[in-house]
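Novice: Once you've had a glance at the structure underneath, I'll fire off some questions.
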Ligand code: SF4
Ligand code: SF4
């Protein structure tokens with residue numbers, strides 16, 4: 001046996017010894033005595049004498065948690081196999097559909113090129129036919145809905161979703177209508193009910209500041225999951241507390257989950273915000289502060305260092321973003337920029353013309369990057385956003401996730417939160 005390269009041992013603020021493994025996501029608290037014992041085992045797993053039942057049990061737990069691994073196994077090989085399976089599994093079809101680029105907001109950073117295209121009936125039918133052909137070779141299909149503001153064209157979503165379901169049912173393919181990303185402005189009860197009827201019950205609402213928190217969230221009791229993404233940059237990081245207060249005032253604290261996301265100057269359409277974007281380390285520090293604040297205020301925060309097999313749909317062989325004019329793309333940042341397209345729903349010939357773009361995305365490989373191969377958070381980062389990675393001048397690493405900078409601080413917060421909530425539960429049970 002040997003020691004995992006991805007072990008993290010550290011202390012919480014109250015002095016408790018903590019252990020986390022990035023390969024498995026295993027997280028444990030250790031008594032002082034157990035901690036010393038574990039360190040002895042990991043220092044020399046070959047010669048350590050597992051001569052009692054308790055020691056053998058501890059060894060087995062360390063194996064399950066990924067802290068110890070079998071000789072002859074290379075963790076990088078495991079990551080490569082997981083990654084390739086996830087990326088090149090063609091049994092699952094994933095479509096992110098932008099039925100319109102129209103929007104009732106104009107956020108300065110919005111990276112959809114400022115075009116107002118909406119999917120015409122001809123393109124809708126082309127997409128339905130495209131799906132009919134594709135699903136002959138898949139076992140499952142998932143759609144996600146995005147824009148522009150997709151709730152402005154709910155009738156198009158209803159039509160497409162129903163046609164997809166019919167085709168999937170006819171072919172024995174499992175269909176998941178997926179979730180929707182919206183600015184939330186139109187999220188009133190009747191619309192929420194229509195989404196629910198369509199099986200679209202996971203809604204992500206993006207907010208930039210307290211002024212964006214509306215009274216529309218009557219939808220909360222109707223839909224299964226509403227998560228609030230709070231976009232964070234230099235101009236609003238210090239106002240995130242006000243966003244939380246605004247959500248609380250509307251009685252939403254316990255009903256939605258929130259997470260923070262860094263605003264990035266992805267494309268030409270949003271290049272004007274590059275000066276206000278936070279640098280990696282700065283944003284990672286903010287994320288720790290905001291997470292602490294969110295938990296202190298009693299919010300449900302969802303981000304956790306989970307293992308990733310691949311990064312996103314952009315690096316997967318059978319995942320496409322469908323723009324409103326029918327062009328197919330690999331990345332959510334590209335719709336509107338037809339130079340970056342990888343095909344068109346109505347024109348199979350376009351796939352041949354655009355093959356160079358397909359190769360570019362599918363040839364992206366985190367294991368080509370020397371820093372990533374050596375990186376101790378690789379299993380929870382997987383090279384970050386490929387769109388950014390492909391454009392970076394340096395080819396030694398990808399677009400580092402925040403975990404590179406704040407993993408231990410975030411894990412300490414998770415531990416504190418877990419300790420407080422379990423203590424509160426115990427206290428309540430006693431009452
Ligand atoms: S490549 Fe980056 S921007 Fe594109 S879909 Fe993936 S995570 Fe999003
Ligand atoms: S992109 Fe950065 S954080 Fe991610 S694996 Fe590569 S070096 Fe590590």
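Novice: Limited to the range 401-411, what total is found for residues that are surrounded by fewer than 20 Cβ atoms within 10 Å (Cβ to Cβ) and in contact with a strand residue (DSSP E or B) (Cβ under 9 Å, 6 or more places away or on another chain)?
Specialist: The number of residues fulfilling the criteria is 1.
Novice: For the range 28-35, indicate whether the set of residues that are under 30 Å from residue 406 (Cβ atoms), assigned to a loop (DSSP other than H, G, I, E, B), out of contact with any helix residue (DSSP H, G or I) (no Cβ under 7 Å at 6 or more places or on another chain) and outside the structural domain of residue 187 (by TED's automatic domain parsing) is non-empty.
Specialist: Yes: one or more hits.
Novice: Working carefully through the options 303, 354, find the one that is modelled with pLDDT under 95, surrounded by 20 or more Cβ atoms within 10 Å (Cβ to Cβ) and touching a strand residue (DSSP E or B) at 6+ places or on another chain (Cβ under 7 Å).
Specialist: Checking each option against the conditions leaves just 354.
Novice: Regarding residue 409, is this residue within 25 Å of residue 22 (Cα to Cα), in a loop (DSSP other than H, G, I, E, B) and within 16 Å of ligand 2 (Cβ to nearest atom)?
Specialist: Answer is no for this residue.
Novice: Mind counting the residues in the range 315-336 that are surrounded by 24 or more Cβ atoms within 10 Å (Cβ to Cβ) and either within 16 Å of ligand 2 (Cβ to nearest atom) or under 17 Å from residue 82 (Cβ atoms) (or both)?
Specialist: Residues flagged as surrounded by 24 or more Cβ atoms within 10 Å (Cβ to Cβ) and either within 16 Å of ligand 2 (Cβ to nearest atom) or under 17 Å from residue 82 (Cβ atoms) (or both) within the range 315-336 amount to 1.
Novice: Which residue is farthest from ligand 2 (Cβ to nearest atom), if the candidates are limited to the range 337-348 and must be part of a helix (DSSP H, G or I) and more than 13 Å from residue 326 (Cβ to Cβ)?
Specialist: 339
Novice: Collect the residues in the range 292-317 that are under 24 Å from residue 91 (Cα atoms), outside any helix (DSSP H, G or I) and either within 16 Å of ligand 1 (Cβ to nearest atom) or free of Cβ contacts under 8 Å to residues at least 60 places away in the same chain (or both), keeping them in residue-number order.
Specialist: 306, 308, 309, 310, 311, 312, 316, 317
Novice: Another question about this same structure. Could you check how many residues of the range 370-381 are more than 6 Å from ligand 2 (Cβ to nearest atom) and in a loop (DSSP other than H, G, I, E, B)?
Specialist: Result for the range 370-381: 1.
Novice: When the residues of the range 386-401 are filtered to those that are more than 9 Å from ligand 2 (Cβ to nearest atom) and not in a helix (DSSP H, G or I), which remaining residue is nearest to residue 332 (Cα to Cα)?
Specialist: Filtering first and then ranking leaves 392.
Novice: Oh, and also: Is there a residue being in contact with a helix residue (DSSP H, G or I) (Cβ under 6 Å, 6 or more places away or on another chain) and within 8 Å of ligand 2 (Cβ to nearest atom) anywhere in the range 351-364?
Specialist: Looking for residues that are in contact with a helix residue (DSSP H, G or I) (Cβ under 6 Å, 6 or more places away or on another chain) and within 8 Å of ligand 2 (Cβ to nearest atom), one finds none in the range 351-364, hence no.
Novice: Now, a different point. How many residues are under 15 Å from residue 314 (Cβ atoms) and exposed (fewer than 15 other Cβ atoms within 10 Å of the Cβ) if we restrict to the range 361-391?
Specialist: Number satisfying all stated conditions: 2.
Novice: Still on this model: Could you check, for the range 413-422, whether at least one of its residues is at pLDDT 95 or above, under 26 Å from the mean Cα position of the chain (by Cα) and within 16 Å of ligand 2 (Cβ to nearest atom)?
Specialist: no
Residue-by-condition table, conditions (1) touching a strand residue (DSSP E or B) at 6+ places or on another chain (Cβ under 8 Å); (2) surrounded by 21 or more Cβ atoms within 10 Å (Cβ to Cβ); (3) farther than 24 Å from residue 247 by Cα; (4) free of Cβ contacts under 8 Å to residues at least 24 places away in the same chain:
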site: 136; (1), (2), (3), (4): no, no, yes, no
site: 144; (1), (2), (3), (4): yes, yes, yes, no
site: 182; (1), (2), (3), (4): yes, yes, no, no
site: 201; (1), (2), (3), (4): yes, no, no, no
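Novice: Report whether or not residue 421 is free of Cβ contacts under 8 Å to residues at least 24 places away in the same chain, closer than 22 Å to residue 26 by Cβ, away from ligand 1 (no atom under 16 Å from the Cβ) and not assigned by TED's automatic domain parsing to the domain that holds residue 100.
Specialist: yes
The values are calculated or read from the model by the stated rules, or taken from the named source; none is laboratory data. This structure is a prediction, so every number in the text was calculated from the model and none was measured. Ideal geometry is used to build each Cβ from the backbone, glycine not excepted, and the neighbour counts take in all protein chains shown.
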